[in-house]
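Undergrad: Sharing a structure here in structure tokens format.
The values are calculated or read from the model by the stated rules, or taken from the named source; none is laboratory data. Since the model is a prediction, treat every value here as computed from it, not as a measurement. Glycine also receives a Cβ, built like all others from the backbone with ideal geometry; neighbour counts cover every protein chain displayed.
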Amino acid sequence: MLHSTRIVLICLVFLPGCSAADLPYPWLAELDDGADVKHSGKRLMALPHGLHVLEPKATTASILLIGIHGYASNGYEWVYPLQTLDNDDTVTYFYRWDFNACAAPSAHSLNESIGKILAGSPGIERVRLLGHSYGGVLVATIVQEWRYQTPVEIHTIAAPLAGIEGLNRSCEYSPPDSVAQNVQFFQWRTQHALDGAFKDMKVDPQVIELRPSSVTRLPDSYRGRRLGHNWSISWVADELTQQSD
């Protein structure tokens, strides 16, 4: 696949009427979190499976940020959070994976990809992983398998960490029972009754007991609207930004 910059040049020089917004490979800065957010989300989900950088690699970046989508994601729920968390100290990636398959193999591939990035980027001082919904199950696998010296924050957002019907059996999934060295684990749980993905389940699948970890139950509203499954990422992004100010 051509590097994104080369695709931009081909588009603008050889294809009249073509703009960067029409390209399949998205840069974070050109994604629209407003009226065109659903189109921006489609561009993220059109990426092939694997780990994709969303901006020119910043040689001065000290934080590696990776967003990991959930089952049947439309991508749009990631535009505002990633743009909000990205700053001059951060290089931002998006992990596309096969959500129709078990999460563990994709978690292993992501872990290996992170290792390659860290090996080639000595300036990275911290890794921040945000896994939403089924993507939270994916990153939870890494909680006890992290073997790198670089510290990592693992954030699971509206994630069925306790498992859901069929998942535990078909994928041999079990929640993590330990936290590896250099790992900080954060559980961000939506209100069970307000989350469209979980409200019909008798037991909240987000709840696991794992120490040490930080657990936050999200409020019932955000920006004057019900705080449900997809908006949870935006709320967490705002909260993390406020904490770092």
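Undergrad: Search segment 170-194 for residues that are under 17 Å from Ile157 (Cα atoms) and pair each with any residue that is part of a strand (DSSP E or B) and among the acidic types (Asp, Glu) when their beta-carbon atoms are under 7 Å apart and the residues are at least 6 apart or on different chains.
TA: Filtered contacts from segment 170-194: Gln184/Glu153; Phe186/Glu153.
Undergrad: Which ones in segment 222-244 are out of contact with any Asp or Glu (no Cβ under 7 Å at 6 or more places or on another chain) and surrounded by 15 or more Cβ atoms within 10 Å (Cβ to Cβ)?
TA: Tyr222, Trp231, Ser232, Ser234, Trp235, Val236, Ala237, Asp238, Leu240
Undergrad: Let me ask you something else. Could you check how many residues of segment 226-245 are over 19 Å from Ile164 (Cα atoms) and either part of a loop (DSSP other than H, G, I, E, B) or aliphatic (A, V, I, L, M) (or both)?
TA: Of the residues in segment 226-245, 7 are over 19 Å from Ile164 (Cα atoms) and either part of a loop (DSSP other than H, G, I, E, B) or aliphatic (A, V, I, L, M) (or both).
Undergrad: Return the only residue of Ala72, Ala61, Ala140 being at positive phi and assigned by TED's automatic domain parsing to the domain that holds Ala193.
TA: Selected residue: Ala72, the only one of Ala72, Ala61, Ala140 that is at positive phi and assigned by TED's automatic domain parsing to the domain that holds Ala193.
Undergrad: Can you tell me how many residues within segment 100-132 are within 16 Å of the chain's Cα centre (by Cα), among the basic types (Lys, Arg) and more than 19 Å from Pro176 (Cβ to Cβ)?
TA: Adding up the residues that qualify gives 1.
Undergrad: Quick check on my filter: what residues within segment 25-36 are assigned to a helix (DSSP H, G or I) and surrounded by 18 or more Cβ atoms within 10 Å (Cβ to Cβ)?
TA: So in segment 25-36, the residues assigned to a helix (DSSP H, G or I) come out as 28-30.
Result: Leu28, single match.
Undergrad: Within segment 149-202, how many residues are surrounded by fewer than 17 Cβ atoms within 10 Å (Cβ to Cβ) and of a type in the set (Ser, Thr, Tyr)?
TA: Adding up the residues that qualify gives 3.
Undergrad: Can you tell me how many residues within segment 79-103 are within 16 Å of Gly50 (Cα to Cα), exposed (fewer than 14 other Cβ atoms within 10 Å of the Cβ) and not polar (S, T, N, Q)?
TA: Number of matching residues: 2.
Undergrad: Do you know which residues across segment 79-137 are charged (D, E, K, R), touching a strand residue (DSSP E or B) at 6+ places or on another chain (Cβ under 7 Å) and either without any contact (Cβ under 8 Å) to a residue 60 or more places away in the chain or assigned to a helix (DSSP H, G or I) (or both)?
TA: Selection gives Asp86, Asp89, Arg96.
Undergrad: Just checking, which of Gly70, Gly75 is touching a Lys or Arg at 6+ places or on another chain (Cβ under 8 Å), surrounded by 19 or more Cβ atoms within 10 Å (Cβ to Cβ) and at pLDDT 95 or above?
TA: Gly75
Undergrad: Moving to a separate point now. Given the structure, is Pro122 under 30 Å from Thr59 (Cβ atoms) and at pLDDT below 95?
TA: Answer is yes for this residue.
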